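The values are calculated or read from the model by the stated rules, or taken from the named source; none is laboratory data. These figures come from a predicted structure and were not determined experimentally. Virtual Cβ from ideal backbone geometry, glycine too; neighbours counted across all protein chains shown.
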Amino acid sequence: MQRSSFWLLLLATLYVSACATATREKTAPIAHAPVVAKPAVTVPAAPVEPVMSVLTPATIATTALPAGATPPPVADKFAPHIALILPLKSASFAPAANAVQQGFLAAAKSQMRDFPVRIYSSTDEGKDVIEIYRQAIANGAVAVAGPLTRAGVALLAGYPDISVPTLALNTTEQKLESGKLYFFGLIPETEARQVAQLAYAAKLRDATIINTGTALSKRLSVAFADEWKKLGGNINAEVVYKDGDDASVLLNLPTAAWLVEPVITPVTVISESGVIETVVPKRAGPPPAAPGNVVFLAGDSRQARLIRPYLNPSLPVYGTSLLFDANADTLTNYDLNDIRFVDMPWLLQPDHPAVMIYPRSGAALDTDKERLYAFGIDAYRLLHVLLNNRLRSALPLDGVTGRIRLSDANIFQRDAIPALFRYGHGLTPEAFAALEAEKAAAKAAENAARRAVSTENSPASPAP
């Protein structure tokens, strides 16, 4: 009995000991490996002109979506990049979009920035614009340029989730829903307003508008008239002249009358019979228009060549860049002599250092496509201004399309440069003055050479 009690006591002791050991293994703290200090990472110095490699690409929110919200698109080859949205799949807009794309990529190559450009093609920039924009953001776009059409820009302006600097390549009257969306475009109405300012600065006060009947001509006429009245000018009349209309309306163009009729001074002449008589000289053309009159021609170069010969030659004529065809031959442009207009440095100052640093298109482009190519260059430059948050320091920008500044409502305003037609060319005032000086110097040299020849051929005077 004593031996049985001994074995029972031994078994109980072993059971209690085993339970205590198991409990200690469960509650014992986990041993961690010692923490090794990482070496300090050396951060490279920032470049002189910061680029957006210092920014982290936009990320997709992972919070719960509200009821009915569209889920974010799935990233396709995520990488930080600059997105360019253009209607390259549109039969109507593809030619213009392709010219903008060429200029944009040419500027990107010249600037040698860190981020590659990724092209996003759309059709006619309808409802797919928002989806394309969201996809670009999901793919890692740090900035977006586009869309190009007014309809596409209106849709994007109403989109509230603009998360990165975005430059729309047109303007809209749609209410802006994001402070990160900016607008830049080649707007003909802006040129019409600038032409009004130039004409008013030249002390012209009474304007007659020639409207060619097209939708664009009507828009230009409205913009010029609105700016002209704001400046304090007077509108004599708006004349509509379409192809094939009776030209008498141009010959008898309404203008402001003379305050005091000019007096034609009689001259004294000797007739063939030797009689001395006083006569009033006859005018070779129509009577001159009163000072202060001006004509705004809201047409293109072809229409202007048809209209200009019927106008009183004493009337100053102004127009927009639509009048200038850089590829037209000199003889054709002679019909437009003395007409004043505005256009971009890309066409009027090809030898300017700020223009020459950007390559020209490898393929031949017409004048309108050249303007769009230059527009693409300046669009890329402005997008980098937004990327680097340099609006205050970089503006106004001397662009290849003109002098660019930021006006109200996040709109980049482009001021074209003034020019006039002379000798069959479109010339800036500086180029015209230089050409006149060159012609005067050549004429003086020719006269000096003639005098030298005349002196050599004249008989020597007899010695006294």
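Contact map, segment 428-453: residues that are farther than 30 Å from GLY402 by Cα paired with residues that are basic (Lys, Arg), Cβ distance under 6 Å, separation 6+ or inter-chain. No pairs are found. Considered as a group, the residues in segment 286-326 that are in contact with a Ser or Thr (Cβ under 6 Å, 6 or more places away or on another chain) and under 21 Å from GLU191 (Cα atoms) include one that is surrounded by the most Cβ atoms within 10 Å (Cβ to Cβ), and that residue is ALA298. Among the helices (runs of 4 or more DSSP H) confined to segment 254-352, the ones with at least 3 residues that are touching a strand residue (DSSP E or B) at 6+ places or on another chain (Cβ under 9 Å) are located at 301-307, 345-348. Just to be sure before I move on: is GLU131 in contact with a helix residue (DSSP H, G or I) (Cβ under 9 Å, 6 or more places away or on another chain), of a type outside the set (A, V, I, L, M) and assigned by TED's automatic domain parsing to the domain that holds LEU383 in the structure I sent? In short, no. Would you mind stating whether LEU198 is under 29 Å from GLY146 (Cβ atoms), not in a loop (DSSP other than H, G, I, E, B) and not aromatic (Phe, Trp, Tyr)? No: the conditions fail for LEU198. For segment 348-360, the count of residues that are under 30 Å from LEU204 (Cα atoms) and either at pLDDT 95 or above or under 16 Å from the mean Cα position of the chain (by Cα) (or both) is at least one.
For the structure I just gave you, tell me whether ALA199 is under 30 Å from PRO418 (Cα atoms), small (Gly, Ala, Ser) and in contact with a helix residue (DSSP H, G or I) (Cβ under 6 Å, 6 or more places away or on another chain). Give the steps one after another, and end with the answer.
Values: under 30 Å from PRO418 (Cα atoms): yes; small (Gly, Ala, Ser): yes; in contact with a helix residue (DSSP H, G or I) (Cβ under 6 Å, 6 or more places away or on another chain): no.
Spelling it out, it is not the case that ALA199 is under 30 Å from PRO418 (Cα atoms), small (Gly, Ala, Ser) and in contact with a helix residue (DSSP H, G or I) (Cβ under 6 Å, 6 or more places away or on another chain).
Restricted to segment 260-278, and to residues there that are modelled with pLDDT of 75 or more and of a type in the set (A, V, I, L, M), the residue that is farthest from LEU311 (Cα to Cα) is VAL275. Taken together, the residues in segment 215-257 that are polar (S, T, N, Q), under 19 Å from GLN303 (Cα atoms) and in contact (Cβ under 8 Å) with a residue 60 or more places away in the chain amount to 2.
Across segment 111-168, the qualifying residues are those that are part of a loop (DSSP other than H, G, I, E, B) and of a type in the set (Gly, Ala, Ser), and the one among them that is nearest to LYS180 (Cα to Cα) is SER163.
Number of residues in segment 120-162 that are in contact with a strand residue (DSSP E or B) (Cβ under 9 Å, 6 or more places away or on another chain) and surrounded by fewer than 17 Cβ atoms within 10 Å (Cβ to Cβ) equals 2.
Which residue out of LEU169, LEU186 is crowded, with 19+ Cβ neighbours inside 10 Å and touching a strand residue (DSSP E or B) at 6+ places or on another chain (Cβ under 7 Å)?
Working: LEU186 fails: touching a strand residue (DSSP E or B) at 6+ places or on another chain (Cβ under 7 Å).
Criteria check complete, one pass: LEU169.
Set side by side, the residues ASN337, ASN333 differ, and just one is surrounded by fewer than 19 Cβ atoms within 10 Å (Cβ to Cβ) and either modelled with pLDDT under 95 or not charged (D, E, K, R) (or both), which is ASN337.
Hey, any hits in segment 188-209 for a residue that's hydrophobic (A, V, I, L, M, F, W, C), closer than 26 Å to VAL100 by Cα and without any contact (Cβ under 8 Å) to a residue 40 or more places away in the chain? Don't jump to the end; show me each part of the working.
The first filter runs over segment 188-209 and keeps only residues hydrophobic (A, V, I, L, M, F, W, C), leaving 192, 195-196, 198-199, 201-202, 204, 207, 209.
Among the residues that remain, those that are also closer than 26 Å to VAL100 by Cα are: 192, 195.
Filter once more, so that each one left must be without any contact (Cβ under 8 Å) to a residue 40 or more places away in the chain: none.
Scanning segment 188-209 turns up no residue that is hydrophobic (A, V, I, L, M, F, W, C), closer than 26 Å to VAL100 by Cα and without any contact (Cβ under 8 Å) to a residue 40 or more places away in the chain.
Consider segment 201-240. How many of its residues are of a type in the set (Lys, Arg) and outside any helix (DSSP H, G or I)? Reasoning before the result, please.
As a first pass, look at segment 201-240 and keep what is of a type in the set (Lys, Arg): 203, 205, 218-219, 229-230.
Within this subset, residues satisfying the condition of being outside any helix (DSSP H, G or I) are 203, 205.
Total satisfying the criteria: 2.
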